[in-house]
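Participant: This structure is in structure tokens; I'll ask about it shortly.
The values are calculated or read from the model by the stated rules, or taken from the named source; none is laboratory data. Computed from a prediction, not measured in an experiment: that's the story for all the values here. Reconstructed Cβ throughout: ideal geometry from the backbone, glycine too, with neighbour counts over all protein chains shown. Remember, those area values only see protein heavy atoms, side chains included, never the ligands or the DNA or RNA. Shrake-Rupley method; radii C 1.70, N 1.55, O 1.52, S 1.80 Å.
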Amino acid sequence: MTIDDFIENFAFAIEAEENTLTPETRFKELPNWDSLNTLAVIAMADADYGISLTGTDIQNSQTIGDLMRITQERLG
């Protein structure tokens, strides 16, 4: 998994423009971020990576890079 792949999947999940996102993007500050996007990211992690992200994981993360690190740790 590369950061570009993760950002592509993340952007698709929350219906955002991929080219506006970076690993440093503070996703909760995005104009379209809401509670439904939390569920979309949890579903993306399950469907695309076969791992479970929790609402707490997302709440405790600040950037897209943070979420990717959690995903990589769970992938082993």
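Participant: Search the stretch 55-67 for residues that are within 23 Å of residue 19 (Cβ to Cβ) and pair each with any residue that is among the polar types (S, T, N, Q) and in a helix (DSSP H, G or I) when their beta-carbon atoms are under 7 Å apart and the residues are at least 6 apart or on different chains.
Facilitator: 58/38
Participant: Ok, one more. Can you name every residue in the stretch 1-37 that is among the hydroxyl-bearing types (Ser, Thr, Tyr) and under 18 Å from residue 74 (Cα atoms)?
Facilitator: Of the residues in the stretch 1-37, the ones among the hydroxyl-bearing types (Ser, Thr, Tyr) are 2, 20, 22, 25, 35.
Across the stretch 1-37, the qualifying residue is only 2.
Participant: When you scan the stretch 34-45, how many residues do you find that are in contact with a helix residue (DSSP H, G or I) (Cβ under 6 Å, 6 or more places away or on another chain) and either β-branched (Val, Ile, Thr) or open to solvent by 30 Å² or more (accessible area, probe 1.4 Å) (or both)?
Facilitator: Within the stretch 34-45, residues that are in contact with a helix residue (DSSP H, G or I) (Cβ under 6 Å, 6 or more places away or on another chain) and either β-branched (Val, Ile, Thr) or open to solvent by 30 Å² or more (accessible area, probe 1.4 Å) (or both) number 2.
Participant: If you don't mind, there's one more thing I want to ask. Can you name every one of the helices (runs of 4 or more DSSP H) wholly within the chain that holds 3 or more residues which are acidic (Asp, Glu)?
Facilitator: Values: elements: 3-14, 35-44, 55-60, 64-75.
Once the helices (runs of 4 or more DSSP H) in the chain are filtered for at least 3 residues that are acidic (Asp, Glu), what remains is 3-14.
Participant: Of the residues that sit in the stretch 4-33 and are open to solvent by 30 Å² or more (accessible area, probe 1.4 Å) and of a type in the set (S, T, N, Q), which one is farthest from residue 56 (Cα to Cα)?
Facilitator: Among those residues, the one meeting the criterion is 19.
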